[in-house]
Amino acid sequence: LVLACGGDAETEQPTTDARAAADAPQMGQSNEADIEEVADYRLTLDAVEKMHQAQLNIYAAMQRNPQIAQMASMDAEEFSLDALEARFNDVPEVRNAVESAGLSVREYGVVMLALFQASFAQASLDMGADRDEVLAATGMRPENLDFVAHHRDDLRRMQDQLEAVAQEADETAQ
């Protein structure tokens, strides 16, 4: 479920190699169609805020029923948008958590991966990578890179909120 709940690209250790940024959205064994779908997606603040709300809803559902985390979890090796969609749709609490935020399960996955890809690419740029090389290697929309740079504070606020909710859930579980 870590894959589904997002990650913090700023705490990862990206290399300045543009090829590493290209590999980021693959999340293991994603297929070419997934890579193309994610690369073609244009991030908006509305969609990212909905994804964030879905993540908060998923955490809330997991607090109510800790078994949900096991039911919805996926190994990186099995991850694809189709697999995420099938797995989350099979867990009503997760499907409802995502849909009540205003996204389909598939759209949630696409937004999450597009944001991860753009955040990872931006971290590479912050470490000195060449923008044109990163864009060429990833095939992602330049607007997504601009989105991450422009909304850095909003994204940090959302990530901080998710980390606080996750820590609270961990403390409650202990």
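The values are calculated or read from the model by the stated rules, or taken from the named source; none is laboratory data. All values derive from a computational prediction rather than experimental measurement. We work out accessible area using only protein heavy atoms, side chains counted, and drop any ligands, DNA or RNA first. Shrake-Rupley method; radii C 1.70, N 1.55, O 1.52, S 1.80 Å.
Computed values, structure above
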{"quantity": "Convex hull volume per residue in cubic angstrom - Cα atoms of the range 45-174", "calculated": "121 Å³"}
{"quantity": "Fully extended contour minus Cα-Cα distance, from D153 to S100, at 0.36 nm per residue", "calculated": "16.6 nm"}
{"quantity": "List Y41, Y108, ordered by accessible area with a 1.4 Å probe, largest first", "calculated": "Y41, Y108"}
{"quantity": "Additional length obtainable on full extension of the chain from E163 to A60, 0.36 nm per residue less Cα span", "calculated": "35.8 nm"}
